[in-house]
Structures are given as structure tokens and as C-alpha cells.
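Please treat every number below as a calculation from the coordinates, not as lab data. Keep in mind it's a predicted model, so treat the numbers as computed, not measured. FYI the Cβ positions are ideal-geometry reconstructions off the backbone, even for glycines, and counts take in every protein chain you see.
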């Protein structure tokens, strides 16, 4: 987004938020600084969502899906495979991007090294045929990761995960948990369409159906929300969150309480907050994935409500 466009959009967002203060009783916006901070966080969140929609409409060469290339990117690789009609591989790559995360310093290096595999890549159908190779490969990767300056680091949201298969709830168990969940449906297409594929349900209902069923080891509220939102943004399925999914969240829930009640530790029920966020989103007219925009913005805003600070990862 060009600077002039971004400045214009910021003014629109700020005006919309200011007009919402009284109408939606936004007690946390008690100063000009707090309004500006939230407005800029909303703008940042819009930019992140729009970025994915932008790259989703591009064509990529096989290099982005090649873990032996430094340009490997699991999201772009998912787009590459989507364009080839390979839904299983696209969804698998999105899952890996969420599990490993993008590190602020080393980027997708850990995901790339895992995906490179022990001789053959850890592509979906390779793993389906040779699941027994996962454990020894992760042992090898764990030893490489333990070396100084390996750069094989998880993203910030996944920093407590472990590659070492000997550890409790390690990456091995998480990957197998995901595989079991998908194969219970048959494949990713069946999982995304659901048993009631003949009956049309809304994008919000489909998101809720899968979210509620996604019982994967150490894949909590944030991971599930991000995984399904990314699938929706890349056009792999008709999915969009119809609410902010505050239950079991930390930052987004604190942000919602601060915005509507004026302090993070209020006792307003979550379903009430969800309703207020939905009404606010409608008023602000944030477009596609508006719930993800607000969820992300509130999470980052509550960290520094009086002074804008850009947060990522």
C-alpha cells in the first residue's frame, strides 16, 4: 500500500473509530493518543490481511515450494500448489507455517529445513506413505537445531515448541495429531466441505464447524484461528470467522475488555464482548476478514494503548 493511500485510509479509520466512541460506548478510548494508537493498529491489521489477498492472486514458480531454495515460503508454496489443484499439499503447508511460525530473524528457515526432509521432501503424500521417517528425521533436525547459530528457530507464537521427538508433546506428536485429524475425514477436501456438503452453510458457520472440531495437540485457540483464516484468505475453502473467538484468548480478550470496559480485568461475559465486537466491526466496515482485523488490532493495541507500536510475529 502506497504512503498516500495508507494515509487516506488511516484518516478514514480514525474518523470511523471516533464516531464509534459514543455510539458503541468505547470507554477505553479516553484520549486522542488512544484513538490514534488503535486506529494505526487497525490499519496495520488491514494491511496484513490485504497483503495475503494480494499474493493469493499471483502465480509463483516452483522455486517458492522448493525447500532447497532460500526463497522457499510455505504460504507462497501453498498458493503454488493451490494453482496446480493440489489442495492436500496447500493445506499441509499452511499447517506447517502455523506450527513452525515465521521467526523475526531467520524467517521460514526452520519450516524450510523440516520440509526438505531426509532425502525426499516432507510433502503430504510422502509423509502419508512414509510416516515412519518422521521420528528419525526430527531427531536429526533437533541435533542440527541445537548447534550454535543454526538459525532454526520457531516463530514467536510457537517459541515453546520442541523439535526433539523425545520431549513430551513434541513436533512429532503434533504432526501425527494433525495427520490423524485430517485422515479421519479422508482428506483435506472432505474436511473443508464437511459431512453436510450438499447443504449450503455460510462461511461463518463452516469456520465454526471446523474450528470446533479441530482437536490437534498443542493447537490452541490462536493456531486454529490463524490456520482457518489463512485457508479462507487463500481461497482454499469458503471460510471466514464470524466472531473474534475470544474464549481462551489472552491479548484479544484483554483488548476487548480494555476497549469496551476501560480496563483489562473487567468481568463482562465473553458472549457480550463478542456481540459488541461484531457490532463495532459492522460500523467500521472493515471488509473481508473484518473479525480477524479487529482480533489482531485489539491484541496489539492493548500492549500499548496510548502509543502506537508495531508488533509482528
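Below, the figures for the structure above:
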| quantity | calculated |
| --- | --- |
| Virtual paramagnetic centre 7 Å along Cα→Cβ of residue 166, amide N under 15 Å, in the stretch 141-159 | 141-147 |
| Fully extended contour minus Cα-Cα distance, from residue 18 to residue 106, at 0.36 nm per residue | 27.8 nm |
| Value of [θ]222 nm, deg cm²/dmol, for the chain, DSSP H segments ≥ 4, -39500 (n - 2.57) each, nearest 500 | -18000 deg cm²/dmol |
| C-alpha center-to-center spacing [the stretch 1-62, the stretch 173-234] in angstrom | 28 Å |
| Degrees between helix 3-23 axis and first principal axis of the chain (Cα, 0 to 90, nearest 10) | 60 degrees |
| Two-site FRET efficiency, residue 120 against residue 304, from Cβ-Cβ distance with R₀ of 45 Å, rounded to 0.05 | 0.45 |
| Whether the stretch 84-132 is rounded, prolate or oblate, judged on the alpha carbon gyration tensor where a/c under 1.5 counts as rounded | oblate |
| C-alpha long axis of helix 87-100 to longest principal axis of the chain, angle in ° | 70 degrees |
| Paramagnetic reach from residue 215 (point 7 Å along Cα→Cβ, amide N under 16 Å) across the stretch 241-268 | none |
| Gain in span if fully extended, residue 27 to residue 62, counting 0.36 nm per residue against the direct Cα distance | 7.6 nm |
| For 257, 309, 27, order by how many other beta-carbon atoms lie within 10 Å, fewest first | 309, 27, 257 |
| Residue exposure sequence - 150, 70, 162, 45 - by fewest surrounding Cβ within 10 Å | 70, 150, 162, 45 |
| Pair residue 4, residue 139: separation of 7 Å Cα→Cβ label points (nm) | 6.2 nm |
| Proxy reagent accessibility, fewest Cβ within 10 Å first, across 299, 91 | 299, 91 |
| Between 0 and 90°, nearest 10: helix 203-213 axis offset from the chain longest Cα axis | 60 degrees |
